[in-house]
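The values are calculated or read from the model by the stated rules, or taken from the named source; none is laboratory data. Worth saying up front: this structure is predicted, and the values here are computed from it rather than measured. Cβ: placed from backbone, ideal geometry, glycine included. Neighbour counts: every protein chain shown.
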Amino acid sequence: MAPIAPRAVERAAPPTNRSADPLPIVQANDNRTPAGQLSNGVLTVHLVVGMARWYPEADDGPYADVPAFAEEGKAPQIPGPLIRVKTGTTIVATIRNTLTDSTIYIRGLVTRPAKALDSIPILPGESRTFQFAAGAPGNYLYLATPGLWDWNKYGEREASAGAIVVDPLEVQPPDRIFVINIWGDIDKKDTTLYHNALAINGKSWPYTERISAGVGDTLRWHVINASIRNHPMHLHGFYFRLDARGTELATTWNPPEKRRLDVTEDLSAGHSMLMVWSPNRPGNWLFHCHLAFHVVPGDGQLVGRVAHGSHEMDVRQHMAGLVLGISVKPSLAWRAPTRNNIRKLHLYIDEGAPRHRAPRALAYVLQSGDRPPAPDSVELPGSVIVLTRNQPTDIIVVNRLKEATSVHWHGIELESYSDGVPGWSGSATRLAPVIAANDSFTAHLTLPRAGTFIYHTHLDDVEQLTSGLYGAIVVLEPGQKFDSKTDHIFVAGWDGAGDKARTVINGDTAGVPIEIAARVPQRFRFINIGPAGRLVYAIRRDTTVQTWRPVAKDGADLPPTMTVSGRAAQRLGVGEMFDAEFIAMEPGEYRLTIGYPQKQMEYSRKLIVR
């Protein structure tokens with residue numbers, strides 16, 4: 001049978017009678033109601049795969065005709081109907097293929113842990129029953145695919161996938177389940193364009209569900225990536241605790257002594273996590289994929305491109321795609337902390353002459369001394385901002401560009417109004433503005449922990465980020481001084497976008513050798529803030545990977561059980577940070593290598609040990 005053919009993307013007229021649509025309408029599945037009937041330890045569920053019309057954005061917006069799962073006799077859903085049971089349950093799932101021209105292949109209806117996921121075909125008009133034990137607790141997925149296809153020809157078809165959540169026997173606290181689905185198609189009229197429907201629980205920002213919480217609440221989120229892409233999922237303003245990580249085959253539950261803190265966790269295709277967090281400050285916050293192309297208009301939408309300049313304050317226009325909005329209400333006892341002895345810094349946003357592949361050179365430049373930097377001064381990446389833990393700091397950001405911009409303080413625990421998302425950060429009565437051309441904004445920071453962090457633009461992300469609007473923040477303990485002889489920062493970004501894009505480290509593809517002393521601890525701070533792409537950071541001697549001691553992830557100290565010396569190689573997704581301590585025991589020449597997983601030594605910098 002032929003694979004499922006891609007269907008046209010259309011912009012629908014505002015419907016007056018949705019029943020007039022030629023196909024059943026997809027309902028966004030919030031994953032609150034499990035499918036099927038449970039009786040005597042057996043869950044029986046009847047599912048159908050058929051064509052349906054999916055409106056991932058507005059109900060009168062663009063749509064795609066896609067194969068989708070439904071419970072028998074009910075509306076189709078994206079994600080597919082939730083299968084949720086306790087461990088020990090037997091699942092009996094019948095799948096009926098109502099597609100007239102396509103065989104479907106079912107994956108994921110197996111006992112976990114599993115060694116592999118079989119692809120079981122169901123011909124058009126046929127049914128098949130799967131009976132299996134739910135297996136070990138964890139987060140998993142099931143999906144229907146059209147078999148093997150040419151991705152470049154047919155695009156992505158991950159709308160027909162749903163969650164399987166297996167709970168422990170004991171009563172579980174309240175939680176939520178969020179599933180990422182993607183449907184993508186190449187534009188028939190312009191084959192250089194790729195239309196995306198990027199959805200969390202069936203909807204794309206700004207139509208995704210708004211999450212409401214209160215200060216002091218505990219939020220438990222199961223996040224499942226049902227797409228073929230990786231997604232570095234980033235939480236603004238807070239850390240979350242990583243209680244479990246999973247693949248399609250198995251879930252690993254972290255014991256308390258190995259539950260690290262994160263602000264960004266990179267989920268591979270089919271992977272999942274259980275994250276637990278508790279907001280201690282009110283305001284509006286975001287949880288989103290940190291791949292720039294999954295959160296910007298045009299790239300993160302089915303059709304159409306939006307000019308940022310005319311929608312700077314409209315958060316519904318300058319973001320799109322894999323984004324959840326979170327509104328946290330204050331408790332009766334909550335009070336904003338008092339800030340005394342405030343340190344003040346001036347950070348300028350400048351544009352200078354282009355120097356590399358990017359058509360523009362934008363930069364954050366920190367004022368040093370009594371005079372502002374020259375208006376065309378450029379540093380790539382932006383100036384390293386060195387701060388002190390618990391020292392209240394106001395950073396006055398002065399925008400000398402001819403366009404609006406913003407600054408997001410990535411990984412920083414701060415007040416919502418200063419978080420840097422125009423039209424969203426703050427509260428309903430006081431929303432943060434853009435930093436308009438020739439205007440300024442004061443960010444109020446009080447850093448509760450020492451570590452490595454990032455600051456970067458959160459407006460017109462692709463152009464401004466690839467032009468240089470990013471930099472590193474180092475927060476030190478009181479009394480500490482930053483010493484570049486033993487403290488080394490490596491920030492990865494992009495120089496330009498499109499076909500000419502390349503990854504640069506500290507603004508270039510090369511650098512002068514670094515001299516370090518033998519047997520003296522060296523701290524390496526690694527940051528990946530390009531628009532897309534995982535990178536592997538490693539220290540080698542000849543071709544041998546050396547040993548280092550992990551210290552921190554995303555600015556948070558690792559638990560003692562995770563700071564054991566090991567192989568000096570670490571993969572980082574976009575928005576992730578990692579610190580390690582390296583001690584070269586013998587003099588000689590070493591190398592720091594950074595590159596994509598398939599080309600790990602793309603960037604190489606000599607480390608001369610004396």
Among (1) closer than 24 Å to Arg355 by Cβ; (2) charged (D, E, K, R); (3) buried (at least 22 other Cβ atoms within 10 Å of the Cβ) - the single one Lys606 does not satisfy: (3)
Any hit, segment 422-444, residues being buried (at least 23 other Cβ atoms within 10 Å of the Cβ), over 22 Å from Glu463 (Cα atoms) and among the small types (Gly, Ala, Ser): yes
Subset tally (residues that are over 30 Å from Pro448 (Cβ atoms) and in a loop (DSSP other than H, G, I, E, B)) for segment 492-506: 3
Enumerated strands (runs of 3 or more DSSP E) restricted to segment 349-407, each holding at least 1 residues that are of a type outside the set (D, E, K, R) and in contact with an Asp or Glu (Cβ under 7 Å, 6 or more places away or on another chain): 361-366, 393-399
Segment 507-538, subset part of a loop (DSSP other than H, G, I, E, B) and among the small types (Gly, Ala, Ser), residue modelled with the lowest pLDDT: Ala510
Filter result (buried (at least 24 other Cβ atoms within 10 Å of the Cβ) and part of a loop (DSSP other than H, G, I, E, B)) within segment 228-245: His236, Gly237
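For (1) among the aliphatic types (A, V, I, L, M); (2) touching a His at 6+ places or on another chain (Cβ under 9 Å), each residue gets a yes or a no:
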{"position": "Val520", "(1), (2)": "yes, no"}
{"position": "Ile529", "(1), (2)": "yes, yes"}
{"position": "Arg567", "(1), (2)": "no, no"}
{"position": "Arg571", "(1), (2)": "no, no"}
{"position": "Lys599", "(1), (2)": "no, no"}
Members of segment 337-365 that are among the hydrophobic types (A, V, I, L, M, F, W, C) and under 28 Å from the mean Cα position of the chain (by Cα): Leu347, Ile349, Ala358, Ala361, Leu362, Ala363, Val365
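May I ask you to say which residue of Asp495, Asp554 is touching a strand residue (DSSP E or B) at 6+ places or on another chain (Cβ under 7 Å), at pLDDT below 95 and surrounded by 21 or more Cβ atoms within 10 Å (Cβ to Cβ)? Steps first, please.
Details: Asp554 fails: at pLDDT below 95.
Testing whether each residue is touching a strand residue (DSSP E or B) at 6+ places or on another chain (Cβ under 7 Å), at pLDDT below 95 and surrounded by 21 or more Cβ atoms within 10 Å (Cβ to Cβ) leaves just Asp495.
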Condition check for Gly138: within 21 Å of Leu23 (Cα to Cα), among the small types (Gly, Ala, Ser), surrounded by 17 or more Cβ atoms within 10 Å (Cβ to Cβ) and in contact with a Gly (Cβ under 6 Å, 6 or more places away or on another chain): no
From Ile489, Ile505, residue being out of contact with any helix residue (DSSP H, G or I) (no Cβ under 8 Å at 6 or more places or on another chain) and surrounded by 22 or more Cβ atoms within 10 Å (Cβ to Cβ): Ile505
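Any idea which of Leu476, Leu465 is in contact with a Gly (Cβ under 9 Å, 6 or more places away or on another chain), modelled with pLDDT of 95 or more and of a type outside the set (D, E, K, R)? First the steps, then the outcome.
Details: Leu476 fails: in contact with a Gly (Cβ under 9 Å, 6 or more places away or on another chain).
Sole residue among the options that is in contact with a Gly (Cβ under 9 Å, 6 or more places away or on another chain), modelled with pLDDT of 95 or more and of a type outside the set (D, E, K, R): Leu465.
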Test: Thr486 is more than 26 Å from Ala292 (Cα to Cα) and at pLDDT below 95: no
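Tell me whether segment 23-30 contains one or more residues that are assigned to a loop (DSSP other than H, G, I, E, B), in contact with a Pro (Cβ under 6 Å, 6 or more places away or on another chain), assigned by TED's automatic domain parsing to the domain that holds Pro168 and crowded, with 23+ Cβ neighbours inside 10 Å. Don't jump to the end; show me each part of the working.
From segment 23-30, those assigned to a loop (DSSP other than H, G, I, E, B) are 23-24, 26, 29-30; that's our starting set.
Adding the requirement that they be in contact with a Pro (Cβ under 6 Å, 6 or more places away or on another chain) leaves 24, 26, 29.
Next, from what is left, pick out any that are assigned by TED's automatic domain parsing to the domain that holds Pro168: 24, 26, 29.
Restricting the remaining residues to those that are crowded, with 23+ Cβ neighbours inside 10 Å gives 26, 29.
So far as segment 23-30 goes, yes, one or more of its residues are assigned to a loop (DSSP other than H, G, I, E, B), in contact with a Pro (Cβ under 6 Å, 6 or more places away or on another chain), assigned by TED's automatic domain parsing to the domain that holds Pro168 and crowded, with 23+ Cβ neighbours inside 10 Å.
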Number of the condition not met by Gly566 [criteria: (1) surrounded by fewer than 16 Cβ atoms within 10 Å (Cβ to Cβ); (2) in contact (Cβ under 8 Å) with a residue 40 or more places away in the chain]: (2)
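Can you tell me how many residues within segment 438-491 are β-branched (Val, Ile, Thr) and assigned to a helix (DSSP H, G or I)? Walk me through how you get there before you give the answer.
Going residue by residue through segment 438-491, those that are β-branched (Val, Ile, Thr) are 442, 446, 452, 454, 457, 462, 466, 473-475, 486, 489, 491.
Pick out the ones that are also assigned to a helix (DSSP H, G or I) and you get 462, 466.
Counting residues in segment 438-491 that are β-branched (Val, Ile, Thr) and assigned to a helix (DSSP H, G or I) gives 2.
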Where a residue in segment 71-85 is not assigned by TED's automatic domain parsing to the domain that holds Pro137 and its partner, wherever it lies, is of a type in the set (S, T, N, Q) and surrounded by 21 or more Cβ atoms within 10 Å (Cβ to Cβ), with Cβ under 9 Å and at least six apart: none
Qualifying residue in segment 582-598 (condition: in a strand (DSSP E or B), at pLDDT below 95 and touching a Pro at 6+ places or on another chain (Cβ under 9 Å)): no
Residues of segment 201-224 classified as under 21 Å from Asp167 (Cα atoms) and in a strand (DSSP E or B), total: 6
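Select, from Leu347, Leu401, Leu380, Leu366, the only residue that is modelled with pLDDT under 95 and closer than 20 Å to Tyr455 by Cα.
Numbers: Leu347 fails: modelled with pLDDT under 95; Leu401 fails: modelled with pLDDT under 95; Leu366 fails: modelled with pLDDT under 95.
After applying the criteria, what remains is Leu380.
Kindly provide the set of residues from segment 515-550 that are over 26 Å from Asp266 (Cα atoms) and either touching an Asp or Glu at 6+ places or on another chain (Cβ under 6 Å) or crowded, with 18+ Cβ neighbours inside 10 Å (or both), ordered by number.
Step one: list which residues in segment 515-550 are over 26 Å from Asp266 (Cα atoms), which gives 515-522, 541-544.
If the condition is that a residue be over 26 Å from Asp266 (Cα atoms) and either touching an Asp or Glu at 6+ places or on another chain (Cβ under 6 Å) or crowded, with 18+ Cβ neighbours inside 10 Å (or both), then Ile516, Pro521, Gln522 are the ones that fit.
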Test: residue in segment 176-194 that is surrounded by fewer than 23 Cβ atoms within 10 Å (Cβ to Cβ), modelled with pLDDT of 95 or more and part of a loop (DSSP other than H, G, I, E, B): no
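Taking Ala269 as the residue in question, decide whether it is surrounded by fewer than 22 Cβ atoms within 10 Å (Cβ to Cβ), in contact (Cβ under 8 Å) with a residue 60 or more places away in the chain and small (Gly, Ala, Ser). Show your work before the answer.
Details: surrounded by fewer than 22 Cβ atoms within 10 Å (Cβ to Cβ): yes; in contact (Cβ under 8 Å) with a residue 60 or more places away in the chain: no; small (Gly, Ala, Ser): yes.
For Ala269, the condition - surrounded by fewer than 22 Cβ atoms within 10 Å (Cβ to Cβ), in contact (Cβ under 8 Å) with a residue 60 or more places away in the chain and small (Gly, Ala, Ser) - is not met.
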